[in-house]
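Input: a single structure, listed below in structure tokens.
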Amino acid sequence: MSVLKQIKSAVKHHATFHSQGTDKNIFFFSMPRSGTTWLMEMIATQPGFKVINEPFNLRKEVVREHLGLERWESLFEEESLPKIADYVQQFMDGRDTDLRFFRYAPFSEFWKLRTHRVLFKILFVGEGYFDWFAEMFNGEVIYLLRHPIPVSQSRESLPRLASFRHSPYSQHFSAEQLAVADRVMARGDAYEQAVLDWCFQNAVPLRQMKPEWLTLSYEQMVLEPEKVIAEMVRRYGFEQPEQMYSRVHKASNSTAKSNGESKAVLLDPQKMHENRRWLVEKWAKKATQDQIDKTFYLLEVFGIDFYEKGSFLPKANYLI
């Protein structure tokens, strides 16, 4: 890290003061390319939130050092839970003083001088034990999904795919499911492997889903953001819902990863309003029939009915 970056990071870290209060923390679980930054920033508008962005991304040196784990498989091993618990607690206690950890710049849109609850955006751990996080750390669970086709079309890497198969997590799956997974991992193309990764990550949480969790879809967030925000306000008592509504037609800070056509819509509030459905359906123009068939074959193998063939939206019973 250059001297200038060190100075900037130090200013960010020393410009916010966290004192854990009694309001419940939020553990927000999802996977890359699912609208996670948009939802994170929407919640980050609310008073009191300290935002922890991707704290279990083992591709980051700072995460590996402070978590004390090097392998993706370790995140599924029971003996790792004490390390995971201490690591989460350090963010709540204000022990996350390493300058490499994520912080908002002073006086930026989501910066707060004082915080008293934590929003954890988690993309790389937790499958099978969302409730453990909630119970251990006075938390609520938000679980966000997006249709597997657009997610798989846009994934650039699959760092956890092998760990789903070659760790204790594989015990959640039948011999038939694992045999299909082995075939795809050995001979499937990049797209098919991305769908397999989606299925591995979501099959278990979907089986365990509870009414206490707020289970959201990217599609409903785009098409009915007002309804989604109203539900979050009802559940979590957010004090400034108008700030959340102000984010509805604003692009998130991850917009740089979108293609040119998407950026034009995402960065134009009027187009965002007019083209909500386009944002949900645009992937269909790129999807081949073979990709669609492979996707829903794998969803069927893994017993996932959240999305159905021929529809862009989740099944009605999964909507708010």
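The values are calculated or read from the model by the stated rules, or taken from the named source; none is laboratory data. Values in this document were obtained by computation on a predicted structure and should not be read as measured data. Positions of Cβ are generated from backbone atoms using ideal geometry, with glycine treated the same way; all protein chains shown enter the neighbour counts. We work out accessible area using only protein heavy atoms, side chains counted, and drop any ligands, DNA or RNA first. Shrake-Rupley method; radii C 1.70, N 1.55, O 1.52, S 1.80 Å.
Of Arg187, Arg235, Arg207, which residue is free of Cβ contacts under 8 Å to residues at least 60 places away in the same chain and either at negative phi or open to solvent by less than 50 Å² (accessible area, probe 1.4 Å) (or both)?
None of the other options fit; the residue is Arg187.
Tell me, please, whether a residue that is touching a Leu at 6+ places or on another chain (Cβ under 8 Å) and surrounded by fewer than 16 Cβ atoms within 10 Å (Cβ to Cβ) can be found in segment 51-69.
Within segment 51-69 (the criterion being touching a Leu at 6+ places or on another chain (Cβ under 8 Å) and surrounded by fewer than 16 Cβ atoms within 10 Å (Cβ to Cβ)), the answer is yes, since at least one residue qualifies.
Considering only residues of segment 285-297 that are of a type outside the set (D, E, K, R) and farther than 14 Å from Ala194 by Cα, which is least open to solvent (accessible area, probe 1.4 Å)?
Among them, the one singled out is Thr288.
Taking the conditions exactly as written (more than 21 Å from the chain's Cα centre (by Cα) and either in a helix (DSSP H, G or I) or aliphatic (A, V, I, L, M) (or both)), does Glu65 satisfy them or not?
yes
Under the condition of being in contact (Cβ under 8 Å) with a residue 60 or more places away in the chain and of a type outside the set (Phe, Trp, Tyr), which residue from segment 75-92 is nearest to Ser167 (Cα to Cα)?
Kept after step one, since they are in contact (Cβ under 8 Å) with a residue 60 or more places away in the chain, are these residues of segment 75-92: 75-78, 92.
Then keep just the ones that are of a type outside the set (Phe, Trp, Tyr); that gives 75, 77-78, 92.
Details: Leu75: 9, Glu77: 7, Glu78: 11, Met92: 29 Å.
Once the filter is applied, the top-ranked residue is Glu77.
Might you let me know whether segment 122-140 holds any residue that is surrounded by 17 or more Cβ atoms within 10 Å (Cβ to Cβ), acidic (Asp, Glu) and in a loop (DSSP other than H, G, I, E, B)?
For segment 122-140, residues surrounded by 17 or more Cβ atoms within 10 Å (Cβ to Cβ), acidic (Asp, Glu) and in a loop (DSSP other than H, G, I, E, B): present.
Across segment 150-169, which residue is farthest from Arg33 (Cα to Cα) among those that are open to solvent by less than 20 Å² (accessible area, probe 1.4 Å) and part of a helix (DSSP H, G or I)?
Per the stated criteria, the residue is Tyr169.
Is one or more of the residues making up segment 270-281 at pLDDT below 90 and among the polar types (S, T, N, Q)?
yes
Given the residues Leu58, Leu4, which is the only one that is farther than 14 Å from Val118 by Cα and in contact with a Ser or Thr (Cβ under 9 Å, 6 or more places away or on another chain)?
Being farther than 14 Å from Val118 by Cα and in contact with a Ser or Thr (Cβ under 9 Å, 6 or more places away or on another chain) holds for just one of Leu58, Leu4, which is Leu58.
Could you say whether any residue in segment 9-28 is in contact (Cβ under 8 Å) with a residue 40 or more places away in the chain, crowded, with 21+ Cβ neighbours inside 10 Å and aliphatic (A, V, I, L, M)?
yes
Please enumerate the residues belonging to segment 94-144 that are of a type in the set (Ser, Thr, Tyr) and closer than 23 Å to Tyr218 by Cβ.
Hit for segment 94-144 is Tyr143, nothing else.
So, Glu226, is that one open to solvent by 20 Å² or more (accessible area, probe 1.4 Å) and modelled with pLDDT of 90 or more or not?
Yes: the conditions hold for Glu226.
Could you give every pair whose Cβ atoms fall below 9 Å, whose first residue belongs to segment 215-231 and is free of Cβ contacts under 8 Å to residues at least 24 places away in the same chain, and whose second residue is in a helix (DSSP H, G or I) and open to solvent by 40 Å² or more (accessible area, probe 1.4 Å), counting only separations of at least 6 or pairs across chains?
What qualifies is Pro225/Tyr245; Glu226/Tyr245.
With the checklist (1) of a type in the set (D, E, K, R); (2) buried (at least 17 other Cβ atoms within 10 Å of the Cβ); (3) modelled with pLDDT under 95 in hand, flag the one item Lys112 doesn't pass.
For Lys112, the exception is condition (3).
Does Lys5 fit the bill of being of a type in the set (D, E, K, R) and either within 20 Å of Trp132 (Cα to Cα) or modelled with pLDDT under 95 (or both)?
Yes; evaluated as a whole, the condition is true for this residue.
Within the set of pairs 6 or more residues apart or between chains, which connect a residue that is over 17 Å from Arg146 (Cα atoms) inside segment 280-303 to a residue that is surrounded by 12 or more Cβ atoms within 10 Å (Cβ to Cβ) and polar (S, T, N, Q) with Cβ atoms less than 7 Å apart?
Note: pairs meeting the criteria are Val301/Gln177.
Please find, within segment 298-314, the residue that is surrounded by the fewest Cβ atoms within 10 Å (Cβ to Cβ) out of those that are in contact with a strand residue (DSSP E or B) (Cβ under 9 Å, 6 or more places away or on another chain) and not charged (D, E, K, R).
That would be Leu313.
Residues being surrounded by 14 or more Cβ atoms within 10 Å (Cβ to Cβ), outside any helix (DSSP H, G or I) and not acidic (Asp, Glu): count how many of those fall in segment 77-105.
Adding up the residues that qualify gives 7.
Among (1) under 30 Å from Ile229 (Cα atoms); (2) open to solvent by less than 40 Å² (accessible area, probe 1.4 Å); (3) touching a His at 6+ places or on another chain (Cβ under 8 Å); (4) not hydrophobic (A, V, I, L, M, F, W, C), where does His147 come up short?
(3) is the only condition that His147 fails.
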